[in-house]
Amino acid sequence: ITMIEHSGFHWPLFPGLSQRLVEDLAQFKARPDDTWIINWPKSGTHWCWEICCMLVSGKAELLQQSKVTAMYPDCAGNAEVEPIPSPRVLNTHATPDNFPKEALEKSKLIYTVRHPKDAVVSYFHHTKGIKFYDYERGTWAGFLPVFLEGKNEYGDWINHTESWLSLLDGKPNALILKFEDLKKDLRKEVQHIAEFLEVSRSDEFYDDVTRLCSFDSMKEGKLSGKDSDVWRAESPGVFRKGESGDWKRHFTVAQNEEFNRHFNERLKDTIYAKKIGYEFL
Ligand code: A3P
């Protein structure tokens, strides 16, 4: 996989992404009505993006973007994001060091977390499925160690999570969401997000958002998640399974033991990542 390194951070070399776009981030013009969805990859980006777009626009419809063009800066850049009319919903997998400082204070920030075992399994399928990675013959046994060493693009899961949560915890313009909570009670979380975004919609509207943002409804979208320019024909695309616990079908007993050892050891030195409450048993 080809990546570019900037400030010790690995960015994927998406077609169109360059060192310059990454450096341009410092010039980003934040708006108070921007909502950012921030996360380590495969932790509910598309899901939260659709929910937030509906909540801020007041229109209950899936936008079904083929490649969430507003996924700045991961594949767009300032020039593409600037013309988007307010209120914008933007995404990034950047670490705080690479995130525009102005946006940290001015805009609304949502950090989503997903159990890292499920996130890394999802990331494995993502990497195999997307053409430009050229990872068609990549194996799970080869992918997992790269993750445990934190050498994957967007960096180490624990560092990412700890650095973001230490910054966002208790901040009035920030909300921390767990993928597993969205799975458990989507309707409740939709309303929770609406309160955070300071929008007030009818009960019927929240029902519609919940229905449209179910896994099956989002998977049905013709564009979303299965743009054939991007994904290999045999790949399920973004909407693969949408489960919590699918890692159990991938990890061997030995891989699971190693993962648990690694995480339990490293989480001891964290404050916030530990507080999320994921267990490694
Ligand atoms: P799986 O690969 O485990 O299926 P991202 O948008 O950050 O790339 O995350 C993609 C992951 O979120 C995929 O996980 C995808 O299926 C899951 N996902 C997306 N929308 C979802 C929804 N409405 N309900 C449940 N899971 C969803």
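Hey, could you check the stretch 137-158 for residues that are of a type in the set (A, V, I, L, M) and open to solvent by less than 30 Å² (accessible area, probe 1.4 Å) and say which is nearest to SER122 (Cα to Cα)?
Out of the qualifying residues, it is LEU144.
Looking at this structure, is ALA254 of a type in the set (Gly, Ala, Ser), surrounded by 15 or more Cβ atoms within 10 Å (Cβ to Cβ) and over 18 Å from the mean Cα position of the chain (by Cα)? It would help to see each step written out before you state the result.
On the way: of a type in the set (Gly, Ala, Ser): yes; surrounded by 15 or more Cβ atoms within 10 Å (Cβ to Cβ): no; over 18 Å from the mean Cα position of the chain (by Cα): yes.
No: the conditions fail for ALA254.
May I ask you to list the residues in the stretch 162-188 that are within 14 Å of the ligand (Cβ to nearest atom) and open to solvent by less than 40 Å² (accessible area, probe 1.4 Å)?
At the first step, the residues of the stretch 162-188 found to be within 14 Å of the ligand (Cβ to nearest atom) are 177-187.
Scanning the stretch 162-188 gives LEU177, PHE179, GLU180, LEU182, LEU186.
Let me spell it out: the conditions are (1) in contact with a strand residue (DSSP E or B) (Cβ under 9 Å, 6 or more places away or on another chain); (2) of a type in the set (D, E, K, R); (3) part of a helix (DSSP H, G or I), and LYS188 meets all of them except one. Which number is the exception? Every listed condition holds for LYS188 apart from (1).
Name every residue in the stretch 208-223 that is within 15 Å of the ligand (Cβ to nearest atom), surrounded by fewer than 16 Cβ atoms within 10 Å (Cβ to Cβ) and not in a helix (DSSP H, G or I), in order of residue number.
Of everything in the stretch 208-223, those that are within 15 Å of the ligand (Cβ to nearest atom), surrounded by fewer than 16 Cβ atoms within 10 Å (Cβ to Cβ) and not in a helix (DSSP H, G or I) turn out to be SER214, LEU223.
Quick one: would you say GLU234 is assigned to a loop (DSSP other than H, G, I, E, B), open to solvent by 30 Å² or more (accessible area, probe 1.4 Å) and at pLDDT below 95? Taking the combined requirement at face value, the residue satisfies it.
Mind listing just one residue for me: the one in the stretch 105-117 that is open to solvent by 10 Å² or more (accessible area, probe 1.4 Å) and of a type outside the set (Lys, Arg) and, of those, nearest to LEU175 (Cα to Cα)? Even if it seems obvious, please write down each step before you answer.
Quick first cut of the stretch 105-117, residues open to solvent by 10 Å² or more (accessible area, probe 1.4 Å) only: 105-106, 108, 114-115.
Now drop any that are not of a type outside the set (Lys, Arg), which leaves 105, 115.
Numbers: GLU105: 13, HIS115: 17 Å.
Looking at residues that are open to solvent by 10 Å² or more (accessible area, probe 1.4 Å) and of a type outside the set (Lys, Arg), I get GLU105.
One line per residue, one yes/no per condition, for (1) open to solvent by 60 Å² or more (accessible area, probe 1.4 Å); (2) at pLDDT 90 or above; (3) at positive phi; (4) not in a helix (DSSP H, G or I):
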site	(1), (2), (3), (4)
GLY16	yes, no, yes, yes
LEU21	no, no, no, no
ARG31	no, yes, no, yes
MET54	no, yes, no, no
ALA70	no, no, no, yes
CYS75	no, no, no, yes
GLU80	yes, no, no, no
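For the stretch 172-185, a residue qualifies if it is in a helix (DSSP H, G or I) and either free of Cβ contacts under 8 Å to residues at least 12 places away in the same chain or among the charged types (D, E, K, R) (or both), and the qualifying residues are GLU180, ASP181, LYS183, LYS184. PHE205 meets all of the listed conditions (1) more than 15 Å from the ligand (Cβ to nearest atom); (2) under 23 Å from LEU267 (Cβ atoms) but one, namely (2).
Pairs are defined by a Cβ separation below 6 Å, a sequence spacing of at least 6 or placement on different chains, a first member in the stretch 191-220 that is farther than 17 Å from THR35 by Cα, and a second member that is aliphatic (A, V, I, L, M) and at pLDDT below 95; the pairs so defined are LEU212/LEU62.
The values are calculated or read from the model by the stated rules, or taken from the named source; none is laboratory data. Please read these numbers as outputs of a predicted model, since none were measured by experiment. With ideal geometry, Cβ positions are generated from the backbone for all residues, glycine too; neighbour counts draw on all protein chains shown. Side chains included, ligands, DNA and RNA excluded: accessible areas come from the protein's heavy atoms. Shrake-Rupley method; radii C 1.70, N 1.55, O 1.52, S 1.80 Å.
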